[in-house]
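S.K.: Handing you this structure, nothing more for now.
No value in this document is a laboratory result; all are computed from the given coordinates. These figures come from a predicted structure and were not determined experimentally. Every residue, glycine as well, gets a Cβ built from its backbone with ideal geometry; the counts of neighbours run over all protein chains shown.
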Amino acid sequence: MSVMLYEGKAKKIFATEKADEVVIYYKDDATAFNGLKKGTIVNKGIINNKLTEFFFQLLEKAGVKTHLIKRLSDRELLCKKVDVLPLEVVVRNIAAGSLSQRLGLPEGEWLAEPIVELYYKNDSLGDPLVNYYHIKALSLASPAQVAVLEKEALAVNGALTEHLLRKGIKLVDFKLEFGLHNGEILLADEITPDTCRLWDAATDDKLDKDRFRRDLGQVEDAYHEVLYRLTGEKE
Ligand code: UDP
């Protein structure tokens, strides 16, 4: 029996025999609005596990370093253990969600260029937006680290936008987390319909967690559709 190191909203982290490796187990639990809305998306854990493997392998080929070692099972990834930086990096190509609300931009409007935003990863504060001054004054990351996060986030955006569009999916926006492993910054956490806005390129139908957040129905179908278009797998 391996020791559970941490249980988050959508995943559990387990220790392995190796001190610098962990197993990440993907659950079906879904939350939104900082945990206020709770539910289950049937077999989401299997789909998100496979999608994270798919995206991280694609990104490694594009030169982005990730914490992924290999997929162990339907719901488990073996990963390098990282100290997660307390910043969430959001990249946006099309206005939606909090950006639309904050700046009054209609949902669906393409941005003239991608926007990178940094949020302080802190549930009790509701992950507030921060700038370089906040990050430096609160010692959340060094300016050099922030520069790496932004560069890597834009590299991820370039690689994923292109690939998804070829599969008929618009990458509206997404959130990344990074961690330190032996002093090196690695892309960590997940890339899934829980953490991205993905719209069908022809119809703008939502294929992501907004279906759960906004009670749009057919949540499972949307997650299945993304996995199928990207990997050809049904589950
Ligand atoms: N996002 C996320 N986790 C968070 C906040 C945002 O994965 O804690 C993702 C979200 O799914 C979307 C993008 O980051 O793809 C931008 O989210 P936004 O700031 O618009 O916030 P939301 O409208 O989701 O509250």
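S.K.: Give the residue from Asn182, Thr231, Thr203 lying farthest towards the positive end of the charge dipole for region 175-235; charges sit on Cβ (+1 for Lys and Arg, -1 for Asp and Glu) and the dipole is referred to the Cα centre.
M.R.: Thr203
S.K.: Of Thr192, Phe212, Leu72, which is farthest towards the positive pole of the chain's charge dipole, taken about the Cα centre with +1 and -1 on the beta-carbons of Lys, Arg and Asp, Glu respectively?
M.R.: Comparing the listed Cα positions along the dipole, Leu72 ranks first.
S.K.: When only Cα pairs under 8 Å and 6 or more residues apart are kept, what is the percent relative contact order across the chain?
M.R.: It rounds to 18 percent for the chain.
S.K.: Follow-up question, since we're still on this one. Pick out, in residue order, every one of the chymotrypsin sites (Phe, Trp or Tyr not before Pro) in region 31-82 that is DSSP loop and has at most 10 other C-beta atoms within 10 Å; say none if there are none.
M.R.: Sparse-neighbourhood loop chymotrypsin sites (Phe, Trp or Tyr not before Pro): Phe33.
S.K.: May I ask for the distance between the Cα centers of region 177-234 and region 1-47, given as a whole number of Å?
M.R.: When both Cα centres are located, 16 Å separates them.
S.K.: Over the alpha-carbon set of region 114-163, divide Rg by the Kirkwood Rh and report the Rg/Rh ratio to two decimals.
M.R.: Using only Cα positions, Rg/Rh for region 114-163 is 1.04.
S.K.: Let me ask another. For region 41-97, what does the alpha-carbon gyration tensor say about shape, rounded, prolate or oblate, given a ≥ b ≥ c as the root eigenvalues, a/c under 1.5 as rounded, and a/b over b/c as prolate?
M.R.: Cα axes put region 41-97 in the oblate bin.
S.K.: Please state the charge dipole magnitude for the chain, taken about the Cα centre, from unit charges on C-beta atoms (+1 on K and R, -1 on D and E), reported in debye and rounded to the nearest 20.
M.R.: Computed charge dipole of the chain: roughly 140 debye.
S.K.: For the chain, place one equal point scatterer on every Cα, skip the solvent, and apply the Debye formula. What is log10 of I(q)/I(0) at q = 0.07 Å⁻¹?
M.R.: Evaluating at q = 0.07 Å⁻¹ gives log10 I(q)/I(0) of -0.21.
S.K.: Taking the square root of 5 times each eigenvalue of the Cα gyration tensor, what semi-axes in Å does the equivalent ellipsoid of region 128-232 have, largest first?
M.R.: 30, 16, 12
S.K.: Rounded to the nearest 20 Debye, what is the dipole magnitude of region 161-230 about its Cα centre when Lys and Arg each give +1 and Asp and Glu each give -1 at the C-beta?
M.R.: Magnitude of the dipole: close to 180 debye.
S.K.: Once you order the gyration tensor axes a ≥ b ≥ c over the Cα atoms, which shape class does region 54-175 get: rounded for a/c under 1.5, otherwise prolate or oblate by comparing a/b with b/c?
M.R.: oblate
S.K.: A further question on this structure: What is the sum of charges, Lys and Arg at +1 and Asp and Glu at -1, for the other residues whose Cβ falls under 13 Å from the Cβ of Lys80?
M.R.: Net charge in that neighbourhood comes out at -2.
S.K.: About the Cα centre of region 193-235, how large is the charge dipole given +1 on each Lys and Arg Cβ and -1 on each Asp and Glu Cβ? Please answer in debye to the nearest 20.
M.R.: Dipole about the Cα centre, nearest 20: 140 debye.
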